[in-house]
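The values are calculated or read from the model by the stated rules, or taken from the named source; none is laboratory data. All of these numbers come straight from a predicted model, not from anything done at the bench. Reconstructed Cβ throughout: ideal geometry from the backbone, glycine too, with neighbour counts over all protein chains shown.
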């Protein structure tokens, strides 16, 4: 499939090898063969870091060298700070660990034990008769509730994640012109939590053209639906506020001596205010199409490399007939009618 990493150009690889401490770049293959062309959805390289180590950075220089073997010139300084600030902040790294599959599995085990104990202790008050039948029914009930919880976890994993996918918006916006998209996934190897940064080739010119025409058509015939969809694409951001000094005047004069003694180490905490930031603001259809692709580029890559994309009856701009392209995903699940199962929280 197009979403599998290429260890040897033109040949699909199996499982990713075990990561070494720190970072490593995958694949470390030879240059592409003569006449070989890149196709949309092809994995170019993967950077990996150990999420349980001290603060560390991606070696984007190695990724740049690997991309050059494919004939793609991407200066690392154009996206280095954008990618690292998006993924390597301590709170983001903790979030990735707490939302990893082993943590969800551990939570499910604890949930099963607690539910089983509660149902069993309650059933002993009202269930006379065969003891083993009661234990079996309690076990089945606890297993059913636990499986339901795990299915809910898996369903939420397919939704756009504001802490990982959407944080790559700025980096993907800088890489669109180079026909490269970034995506992030996490895995566990041994006792190590590993963050994987995927570089995937995708020529989005046709997708951008289709989306701009689709947005223009919606502005003409479905403007209310378009506004409703765009209003859901918002994130809450905290920004610092500099306090405005009161106007000078006799009624606003401060006392020479404060009523309470000041602390020897005053807490200089900046004032913060929350505001709603729209991810895709109202603009020309071409600009909105580019912004939609930048915002949901990381989300699309995560679903692509983990084989979680919805199956399509046909595709527009990918080689695989069952793998939808980004404009199909955005059209159907972001701008489409009905609910947004991939965005609802």
Residue pairs qualifying under the 8 Å Cβ cut-off, at least six apart or on distinct chains, with the first in region 142-155 being touching a residue at least 40 places away in the same chain (Cβ under 8 Å) and the second being surrounded by 11 or more Cβ atoms within 10 Å (Cβ to Cβ) and part of a helix (DSSP H, G or I), are 149/108; 149/111; 150/104; 150/108; 153/104; 153/108
Only one of 283, 289 is at pLDDT 85 or above, part of a helix (DSSP H, G or I) and in contact with a helix residue (DSSP H, G or I) (Cβ under 9 Å, 6 or more places away or on another chain), namely 289
Across region 296-324, the tally of residues that are surrounded by fewer than 24 Cβ atoms within 10 Å (Cβ to Cβ), touching a helix residue (DSSP H, G or I) at 6+ places or on another chain (Cβ under 6 Å) and closer than 21 Å to residue 175 by Cα stands at 1
Restricting region 173-191 to residues that are closer than 14 Å to residue 64 by Cα and within 15 Å of the chain's Cα centre (by Cα), the one surrounded by the most Cβ atoms within 10 Å (Cβ to Cβ) turns out to be 181
So, first residue at positive phi in region 166-184, second residue part of a strand (DSSP E or B), Cβ within less than 9 Å, six or more apart or across chains; the pairs are 179/201
Taking region 36-86 and the residues there that are outside any helix (DSSP H, G or I) and free of Cβ contacts under 8 Å to residues at least 12 places away in the same chain, the one that is surrounded by the most Cβ atoms within 10 Å (Cβ to Cβ) would be 75
_Can you say whether residue 98 is closer than 24 Å to residue 304 by Cα, surrounded by 13 or more Cβ atoms within 10 Å (Cβ to Cβ) and modelled with pLDDT under 85, as far as the supplied structure shows?_
no
Of the listed residues (107, 126, 111), the one being more than 30 Å from residue 199 (Cβ to Cβ) and in contact with a helix residue (DSSP H, G or I) (Cβ under 7 Å, 6 or more places away or on another chain) is 111
Within region 103-144, of all residues that are surrounded by fewer than 11 Cβ atoms within 10 Å (Cβ to Cβ) and not in a helix (DSSP H, G or I), the one modelled with the highest pLDDT is 130
Worksheet entry | So residue 160, is it assigned to a helix (DSSP H, G or I) and touching a helix residue (DSSP H, G or I) at 6+ places or on another chain (Cβ under 7 Å) | no
Residue within region 187-203 that is modelled with pLDDT of 85 or more and either out of contact with any strand residue (DSSP E or B) (no Cβ under 7 Å at 6 or more places or on another chain) or over 19 Å from residue 304 (Cβ atoms) (or both) present:
yes
Checked region 192-226 for anything outside any helix (DSSP H, G or I) and free of Cβ contacts under 8 Å to residues at least 60 places away in the same chain; matches are 222
